[in-house]
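One structure below.
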Amino acid sequence: MTATTHPVRPTLSARRRWTVLAVCCLSMFLVGLDTTIVNVGLPAIGRGLDVDTRGLEWIVDAYTLVLASLLISSGALADRFGRRRVFQCGLAVFGAASLVCALAPSAGVLVAARALQGVGASMLSPVALAIVVNAMPDPKERAQAIGIWASVFGLSMAAGPLTGGALLEGLGWRALFWINAPVIAAALLLSAVFVPESRAQRARRLDLPGQVLLTMVLAVAVGVLIEGPHIGWTSPAALAGYAWAAVATAGFVWVEFRRREPLVDPRLFGRPVFSGAVVGAVAVFVALNTTLLLNTFYLQHAREWTPLAAGVATLPLAVGATVCAPWSGRMVGRTGPRLPLLLAGGFITAGGLCLVRLTPHTSVLLLLTAYSLIGIGFGFANAPITNTAVNGLPPARAGVAGAITSTARQLGSAVGIALAGGLVTATDPTGLALASRPGWILVAACGVLLLLVARVSRPKGAAAGPASRRRGELRASLQRTVVR
């Protein structure tokens, strides 16, 4: 059955399989990098386009909101029309939007182009992972590839501020978007040469009503968070926003319960293991993006550091994430997700607590220590969250689990930017340290939430150690059959 269903898979040589992984990781690195690289350039963009903090939040969140909204539907499109085709389409859209960002004459054009970038990025992340899974028929090789994939994603998110700082120092804020052009060109060429076409044996139907309602829920909820400090949390506009978000959420749940193939099946959240993983994914990315945005404004405005210096300050965060991500993957394979989740929660909590009494003169050593602790926690978090989500559902739902957790990560990014931006909106440089203290409390609270997620990270009766590995191998074997 395997040979007749996907004849190309067994013919891929080892070199070509790992080349496919490299091409897909390149696109994944680009998506993650673009989520955070803009953060360090926000002050420069604000000066260049005369944008206030609220407008800068939209420049970041226009990307993450659209990306979060479309991830699941893009995976369904790829299953139906071909993964390589949709992947290449995503690269082209992302590249074109990046050029518009680089040339944007106003904040409105930049926000619109960032939203278009999100459309392209939504065709890259889940589709590229599906390509990797299809190219790696051996469960052990596939697990190793996914571990590398997770490491690349963590590295890209953490490396964004450092890369952005270096570009800003020499070339200005528009270089943050020009840099995408050569990467996109290389990925398009390599995907055309090395990536095989593949489709799902049975493509899922598109859920257009669910897609529209999900986009509405996310946009309105994050929009209220961004605009709240400006319009007032109890103003008529804010109250209308709350009501709109509540009605849209109720409508989304109602529609999804009645769809044969829903975009997001609400019944999945009845499983504590799965819902805990989704909450954990949101918490991790709220913590990361709160850290990056507060770091940018505090160092560049309150302490008058250059963008490059502010980016270099995040190097301990990047190193911690890069080193601990693969280590976490190995720990998950040996003992399950609970221990790395506990470590992730503990380190993120400690990092946030280091800065809850931040002042304009806090020692650089304490700052770097806090960033390092948060980076280590971030590195430990991603692998166990994905593992917990996948293992919290039947094998046939593994792809759905991955898509929902990816959406949760991007939602966390958008919420983190909105909350952190709300704290420092209209705050003068001398008051930034004090104004950002609640943000560091929020980071610590996200770490505590991860500790709670760790308590439900393994289903009742699940074994650890060798027995857990045998169970994982059986699950991988079943999942392989489903994918084929």
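The values are calculated or read from the model by the stated rules, or taken from the named source; none is laboratory data. A quick note: this is a predicted structure, and the numbers were derived from the prediction, not measured. Note that we place each Cβ from the backbone using ideal geometry, even for glycine, and neighbour counts take in every protein chain shown. Areas reflect the complete protein model, heavy atoms only, side chains present, ligands, DNA and RNA absent. Shrake-Rupley method; radii C 1.70, N 1.55, O 1.52, S 1.80 Å.
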Of the residues that sit in the stretch 266-307 and are among the hydrophobic types (A, V, I, L, M, F, W, C) and over 26 Å from Arg437 (Cβ atoms), which one is modelled with the highest pLDDT? Val278
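Take the conditions among the charged types (D, E, K, R), surrounded by fewer than 22 Cβ atoms within 10 Å (Cβ to Cβ) and at pLDDT 85 or above and apply them to Arg397. Does it pass? Please lay out each step first, then the result.
Values: among the charged types (D, E, K, R): yes; surrounded by fewer than 22 Cβ atoms within 10 Å (Cβ to Cβ): yes; at pLDDT 85 or above: no.
No, not satisfied.
Looking only at the stretch 408-447, count how many residues are β-branched (Val, Ile, Thr) and open to solvent by less than 20 Å² (accessible area, probe 1.4 Å). Full working, then the answer.
We begin by selecting, within the stretch 408-447, every residue β-branched (Val, Ile, Thr); these are 415, 417, 424-425, 427, 430, 441, 443.
With open to solvent by less than 20 Å² (accessible area, probe 1.4 Å) added as a condition, the list becomes 417, 424, 443.
Number of matching residues: 3.
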Condition first: open to solvent by less than 30 Å² (accessible area, probe 1.4 Å), of a type in the set (A, V, I, L, M, F, W, C) and touching a Leu at 6+ places or on another chain (Cβ under 8 Å). Now tell me which residues in the stretch 255-289 satisfy that. Val255, Leu263, Val264, Leu268, Phe274, Ala283, Val284, Phe285, Val286, Ala287
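For the stretch 369-388, enumerate the residues that are open to solvent by 10 Å² or more (accessible area, probe 1.4 Å) and within 23 Å of the chain's Cα centre (by Cα).
Taking the stretch 369-388 as the starting set, the residues that turn out to be open to solvent by 10 Å² or more (accessible area, probe 1.4 Å) are 369, 372-373, 376, 382-383, 386-387.
Within the stretch 369-388, Ser372, Leu373, Ile376, Asn382, Ala383, Thr386, Asn387 qualify.
How about the stretch 100-172: which helices (runs of 4 or more DSSP H) wholly inside it have at least 1 residues that are modelled with pLDDT under 80?
Here the list reads 125-135, 139-171.
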Scan the stretch 235-265 for residues that are modelled with pLDDT under 85 and either out of contact with any helix residue (DSSP H, G or I) (no Cβ under 8 Å at 6 or more places or on another chain) or at positive phi (or both) and report the count. 2
Can you tell me which of Val93, Val51, Val86, Val60 is outside any helix (DSSP H, G or I) and either surrounded by 21 or more Cβ atoms within 10 Å (Cβ to Cβ) or not charged (D, E, K, R) (or both)? Val51
Matching residues, the stretch 221-244, being open to solvent by 20 Å² or more (accessible area, probe 1.4 Å) and either in contact (Cβ under 8 Å) with a residue 24 or more places away in the chain or under 27 Å from the mean Cα position of the chain (by Cα) (or both): Ala221, Val224, Leu225, Glu227, Pro229, His230, Tyr242, Trp244
Can you find a residue in the stretch 416-438 that is at pLDDT 85 or above, within 22 Å of Leu124 (Cβ to Cβ) and among the β-branched types (Val, Ile, Thr)? yes
Run down Leu71, Leu99 and say which single residue is under 18 Å from Leu33 (Cβ atoms) and open to solvent by less than 10 Å² (accessible area, probe 1.4 Å). Leu71
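For the stretch 416-429, does any single residue satisfy the condition of being of a type in the set (Ser, Thr, Tyr), part of a helix (DSSP H, G or I) and in contact (Cβ under 8 Å) with a residue 40 or more places away in the chain? Give the steps one after another, and end with the answer.
The initial filter retains those residues of the stretch 416-429 that are of a type in the set (Ser, Thr, Tyr), namely 425, 427.
Those left that are additionally part of a helix (DSSP H, G or I): none.
No, there is no match, as no residue in the stretch 416-429 is of a type in the set (Ser, Thr, Tyr), part of a helix (DSSP H, G or I) and in contact (Cβ under 8 Å) with a residue 40 or more places away in the chain.
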Please indicate, with yes or no, whether at least one residue in the stretch 199-209 is at pLDDT 85 or above, surrounded by 15 or more Cβ atoms within 10 Å (Cβ to Cβ) and either in contact with a strand residue (DSSP E or B) (Cβ under 8 Å, 6 or more places away or on another chain) or assigned to a helix (DSSP H, G or I) (or both). yes
Across (1) within 26 Å of Ala420 (Cβ to Cβ); (2) of a type in the set (A, V, I, L, M); (3) touching a residue at least 60 places away in the same chain (Cβ under 8 Å), Val109 clears everything bar (3)
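For Ala389, are the conditions met, namely being on the phi > 0 side of the Ramachandran plot and modelled with pLDDT under 85?
Values: on the phi > 0 side of the Ramachandran plot: no; modelled with pLDDT under 85: yes.
Criteria not met by Ala389.
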Answer residue from the stretch 307-319, given it is open to solvent by 10 Å² or more (accessible area, probe 1.4 Å) and more than 9 Å from Leu162 (Cβ to Cβ) and is nearest to the chain's Cα centre (by Cα) among those: Val319
Determine whether Ala181 is modelled with pLDDT under 85 and surrounded by fewer than 17 Cβ atoms within 10 Å (Cβ to Cβ). no
